[in-house]
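Have a look at the structure below, then the notes.
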Amino acid sequence: MQTSQVRITVNGCVIDTEPTRSILEAMIDAGETLIDGVGCMGQGVCGSCRVLVRRQGESEVLSALACETRACEGLQVAFLDHLPMHRHHVYAMDDWNGDSWRILERINATFPEAQHCRHCGGCDSACPKHLQVHKGVMLAAAGDLSAAECFDECIMCDLCTIACPELISPNHLGLYVRRLSTAIGFRPADLVLRLHQIERGEMVIDQDVASTQP
Amino acid sequence: MTGIDHRLALERLLASDHAAPNPIDDIEALLKAHHPDYREGSLVSLAVGANRGSECPTALAASLQSNARIEDADLAGAPVVDTEVLIIGGGGAGCAAALTAAEAGGRVILATKLRIGDSNTVMAEGGIQAAVGEDDSIQRHFEDTLRAGHGCADRRLVACLASSAPDSIRWLIDRGMRFDLAEGGAIGGKLLRKKPGGATRARILSFKDYTGLEMMRVLREAVELDERIRLWNRCPLVELLSDEAGHCVGAVLYDLALHRFVLVRASCVILATGGVGRLHLNDFPTSNHYGATADGLVLAYRIGAALRELDSFQYHPTGIAWPSFRLGGLISEAARSAGAHLLNGLGERFVDELAARDVVSAAILRECAEGRGIEREGMVGVFLDIPELERRQPGTLAQRLISLGHLARQCGIDPSREPMMVRPTLHYQNGGVVIDENGTTSVPGLYCTGELSGGIHGRNRMMGNALQEIITFGRRAGLHAARSASRHPAPKVGLFHLQGWRRQLVAAGMPLDRFGPDLFPRYANFDFGDELALRGGKRTTYAPKRARRVE
Amino acid sequence: MTHRPVLLAPTAAVGADLDAWLQNGGAEGLRHALAAPERIIPALAHAGLRGMGGAGFPTHRKWSSVAGQSAGDKYVLCNGNEDEPGTFKDRHLLSASPHQVIEGALIAAVAVDANHVLLYVNPHQHEALKSTRSAIEQWRASGLLAPIERRLGLRLALDVVESSGRYIGGEETAVIATIEGGFPFPRRKPPYPAESGVHGRPTLINNVETLANVTHILRHGADWYRALGIGGACGTKLYSLSGDVLEPGLFELPMGTSLRELVFTHGGGMLGPLAFKAVFTGGPSNTLLTADDLDVALDFDAVAQRGSRLGTGAMIVISAGTSIVRKVAEYVDFFAAGSCGQCTPCKTGTYQLSRLLRRIDTGVGVQADLRALESLCALLPGSGRCGLVDGAVTVVRSSMQQFREEYEHQLIG
């Protein structure tokens, strides 16, 4: 292999590795214990391996996923703890059923902080997926359920929740809008019909058919 | 393993005529020589436990026949917590079980090794099967599943899966999970359906190409917001608790955050610990989550549960071979079914890309083993030639292979210009613990659901049935457990099953210093002895220090 | 040694009553300033006056910089946001003797040719706000502003602006953002406020205590002021003493008074039987002084030589009964809550600092946590638009240097 060595620091451990390796791989190669802040190992969907990184000679510190970030000379890395669930935005799934004209009232009551967004942009810059978090919060706070789309690719890493100085919990607000709008407003006709057929006993399974042999 | 230099291979690829591959004369011989499930010496016979005499991959057998990590004395001073239903595992199956048990009025603890949601569920891209199409029926779903599983599946379980599938989708929608539509709007539209390999009808429902993520984030939020469920993150299962009759009456967990054991006395224990990919059977890379180390399977077996199809695993042919940080990650079969070719380092096609998965996998492994693979930064694989496909069928990438596009960009590759490097990856455990329709096992008090249970997929799992399984059987197990749970903990709770287990190990001449479950992959460098020493714990086990690494 | 208070002198403590202030030598400094405006800045330089808001930056340099900017709208802002833990001097000055502060700000306007003088006051400090408002009204009605306006050739706008009441609102550029009507978001420097401040105009920002001192320097002369200090230090300092002492309070003492004298003479010594353990010096950068530092002179340079900071002059005394890790965690939580949100490393970095500290404090921390804490202290500094995250790191780092064993003792394993 022609790759050269680089030296990085992860949670205070100095690790020599190659620039082709991700932060997680570098830790594993070096024999560091890795039993937390690790999950899907590269797919970038579980949001476990959240880190702050700082490249050599730069003043900027960024949030990133360790499984997707490759080593480079002088890289400093600090792992971030999983955010414990605070449960300060509690709701029930039948929240909007009673009167869905008053959705905005419910959103405001459940996520009152969203009205106080100070537009600092911290959520957008913290998001490792570069989603339009702030836009989503603004839409939701205005009762616009298309906010849901802003969070389509959200991996619920909670970095925006940690970043938000107004304690809005943007990703949970996004998920709230997604969940409630689906639960009350998503009724595909083919599924409705199939459930009806099964419940009326019009569609059953004959377990004894022979055609299942390979 | 070495191969042909990547740059040279690219030149040859450009010069390639993409001629059809020579037919394989002797498939049996190819499989025997190269497929991990068939290769000489890759399987051993179990010497102890309910499946004594059954064949099983060597690495898994070592775990299944391991000794307990703990003794009674290790538990001195550990807090004891009572509950009705204890669920182990924070993936889709565990969450479905927890929500259903709580809704049925059970007192529930959900404990997970990493954190809730860290699972294979969240990584699932393809979708979830449910026969909702006008041209489809639950009977077809039943028959397709049985056939794909080579007729080895438990018919009762498959019937249960197929007939509950539409209701599982309703349950998910009620909890806020969204699915893609093919036509119409959210009310009155029709669901987008994709056809899984081996199916007679299009039956896979999905949300973009991250169905598992959408499912998991909804279930996780539902669990976290449910005040009836106590959620314990970072609390791996270390041993099951038994009474004198050998029934399962709780579990020993280790709290990694507080660095101490916790004993949970429970009337019902539901294991939903997932698969085994991170044991890297036959030294294969895996598409599995970091936590997939067979913990539940090992402990269910130790307490006496019977297993099935233990020798049947799904090796997906097109796992990523480069770059290393995505090694083992999955490239969906969609690429090959769209017409993408596989080529070796000489620029030759070497197998019919649409042959059975085991044949394609074996052929790729043959090319790599015989030096015709491609080497890049120490990684060896073969080319999956997307650029050629895109030239042949312009627009395929944008219309049919969206997820592949994401993946390629993550790897730093422009998929329309550069081929992906692939090799087989360990993807799924087809078999597992024997269960009935309610997830109960041969051990009273013990339930299993999700990937660690067996019987639903036979010897081969269809795409989209894993996500369906975890919801259908997770719910059924949760409901049954909540209804059958007693409010009172068992009078005698201990490690009664361990004596019998150790007697078996000694009688079979098995080592007593191979401890399990593994809890973390080998390369996690986790030493349980060091962990116990933090609290000044005495090493009551017979282990030499870092015994696990001496395997 | 005996000393006579200046800022806390009974003759200054006239509240908002301007007539009383004028009868006790008020406006004398302003008259001197108007008589020879070109001598104001050299006088401050000679007096050795430094910024009392925490940084200790030589005051005359800021003033020269603003004075040197081209003519047009210029601003003088008196920063009374005061919200650091343990600091309670500015609110006292604004409540009990606002005129010396206002007069200092007017002298600044004369020195730098500013036509806007704004007193930026924390609305949570009701007394200070009320008193300042009333005092300003009286200045406006007094005719004392006319000579300044004649000199400027412009109308002088003298007013009070309520701050947001947030800690971050005390940061210079956040003060500017607030005056402009926005949220107190700090921005990167340069450009410095002296060049581009409120609405892009040259702006001088000084702390309340600093401006109060200006009034007395102009009245009594720079030599008089220099002589008030001990050793090489100049003037007096307001020390906000709190914590485990018998008699906490605000003390005006010669700059350079020893920590021992402050705590044991003026503060009446330790509360209860437990020994002195340390002092958290207050301000934007909290650092620790220990029992070894009791004889350190409390002036900017002497404290800095001990690797600590004088800051705002707040001294929070803790006894042997206090857990350093818990106390530091409280500080970090304060910074975490105060972070404005713009910079990921600040909000997220302080979150992680807090998590690690809480883990060690609650007895479940391990060696790796301590290492991670040190590593984070190396990664974070300088990464924010303002110095807030640096402040959080400073207190953690200082405590780890001074009380390493205590951290280690609390680990398991």
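Annotations for the structure displayed:
- Residue match in segment A:89-102 (condition: surrounded by 22 or more Cβ atoms within 10 Å (Cβ to Cβ) and among the small types (Gly, Ala, Ser)): no
- Qualifying residue in segment B:306-327 (condition: free of Cβ contacts under 8 Å to residues at least 40 places away in the same chain and either buried (at least 23 other Cβ atoms within 10 Å of the Cβ) or under 18 Å from B:GLU451 (Cα atoms) (or both)): yes
- A:LEU191 vs. criteria within 7 Å of chain B (Cβ to nearest Cβ), of a type in the set (A, V, I, L, M), under 15 Å from B:GLU214 (Cβ atoms) and buried (at least 19 other Cβ atoms within 10 Å of the Cβ): no
- Subset of segment C:332-365 (residues that are part of a loop (DSSP other than H, G, I, E, B) and more than 10 Å from chain A (Cβ to nearest Cβ)): C:THR362, C:GLY363, C:VAL364, C:GLY365
- No other residue among B:VAL85, B:VAL44, B:VAL48 is crowded, with 19+ Cβ neighbours inside 10 Å and part of a strand (DSSP E or B) apart from B:VAL85.
- So A:PRO165, is it touching a Ser or Thr at 6+ places or on another chain (Cβ under 8 Å), within 24 Å of C:GLY341 (Cα to Cα), more than 7 Å from every other protein chain (Cβ to nearest Cβ) and touching a residue at least 24 places away in the same chain (Cβ under 8 Å): no
- The criterion of being without any contact (Cβ under 8 Å) to a residue 24 or more places away in the chain and on the phi > 0 side of the Ramachandran plot holds for B:ASP283.
- Sole residue being in a helix (DSSP H, G or I), closer than 14 Å to C:LEU118 by Cα, assigned by TED's automatic domain parsing to the domain that holds C:GLY104 and of a type in the set (Val, Ile, Thr), chosen from C:ILE148, C:ILE168, C:ILE176: C:ILE176
- Strands (runs of 3 or more DSSP E) wholly inside segment C:192-274 that include at least 1 residues being assigned by TED's automatic domain parsing to the domain that holds C:ASP90: C:203-207
- Per the conditions (1) at pLDDT 95 or above; (2) over 25 Å from A:ARG179 (Cβ atoms); (3) at the interface with chain A (Cβ under 10 Å from one of its Cβ atoms), the sole criterion not satisfied by B:ALA148 is (1).
- Criterion violated by B:ASP174 - all others in (1) within 9 Å of chain A (Cβ to nearest Cβ); (2) surrounded by fewer than 22 Cβ atoms within 10 Å (Cβ to Cβ); (3) within 23 Å of the chain's Cα centre (by Cα) satisfied: (3)
- Residues that are touching a Ser or Thr at 6+ places or on another chain (Cβ under 9 Å) and free of Cβ contacts under 8 Å to residues at least 40 places away in the same chain were ranked within segment B:337-366; the one that is farthest from the other protein chains (Cβ to nearest Cβ) is B:GLU353.
- Residues of segment B:274-309 classified as over 30 Å from B:MET379 (Cβ atoms) and not basic (Lys, Arg), total: 11
- Residue match in segment B:60-80 (condition: without any contact (Cβ under 8 Å) to a residue 60 or more places away in the chain, closer than 27 Å to B:ASN288 by Cα and not basic (Lys, Arg)): yes
- Residue match in segment B:130-142 (condition: assigned to a helix (DSSP H, G or I), without any contact (Cβ under 8 Å) to a residue 60 or more places away in the chain and surrounded by fewer than 23 Cβ atoms within 10 Å (Cβ to Cβ)): yes
- All strands (runs of 3 or more DSSP E) inside segment A:1-83 with 2 or more residues being farther than 24 Å from C:ASP390 by Cβ, more than 11 Å from chain C (Cβ to nearest Cβ) and at pLDDT 95 or above: A:6-10, A:13-17
- Residue in segment C:308-319 that is surrounded by fewer than 21 Cβ atoms within 10 Å (Cβ to Cβ) and either within 18 Å of C:PRO254 (Cβ to Cβ) or in contact with a Phe, Trp or Tyr (Cβ under 9 Å, 6 or more places away or on another chain) (or both) present: yes
- Among the candidates C:ALA20, C:ALA27, C:ALA12, C:ALA43, the residue that is in contact with an Asp or Glu (Cβ under 7 Å, 6 or more places away or on another chain) and either hydrophobic (A, V, I, L, M, F, W, C) or at pLDDT below 95 (or both) is uniquely C:ALA27.
- Pairing each residue of segment B:195-220 that is touching a residue at least 12 places away in the same chain (Cβ under 8 Å) and at the interface with another protein chain (Cβ under 8 Å from one of its Cβ atoms) with any residue that is part of a helix (DSSP H, G or I) and among the aliphatic types (A, V, I, L, M), provided the two are 6+ apart or on different chains, yields C-beta distances under 6 Å for B:GLY212/B:VAL122; B:GLY212/B:MET123; B:LEU213/B:VAL122.
- Residue in segment B:229-275 that is nearest to C:LEU411 (Cα to Cα), counting only those that are within 14 Å of chain C (Cβ to nearest Cβ) and surrounded by 24 or more Cβ atoms within 10 Å (Cβ to Cβ): B:TYR254
- Of the helices (runs of 4 or more DSSP H) that lie entirely inside segment A:134-214, those containing 3 or more residues that are in contact with a Cys (Cβ under 8 Å, 6 or more places away or on another chain) span A:159-163, A:170-185.
The values are calculated or read from the model by the stated rules, or taken from the named source; none is laboratory data. Note that this is a predicted model, so its numbers are computed, not measured. A quick note on method: Cβ atoms are made from the backbone with ideal geometry, for glycine too, and the neighbour counts reach across all protein chains shown.
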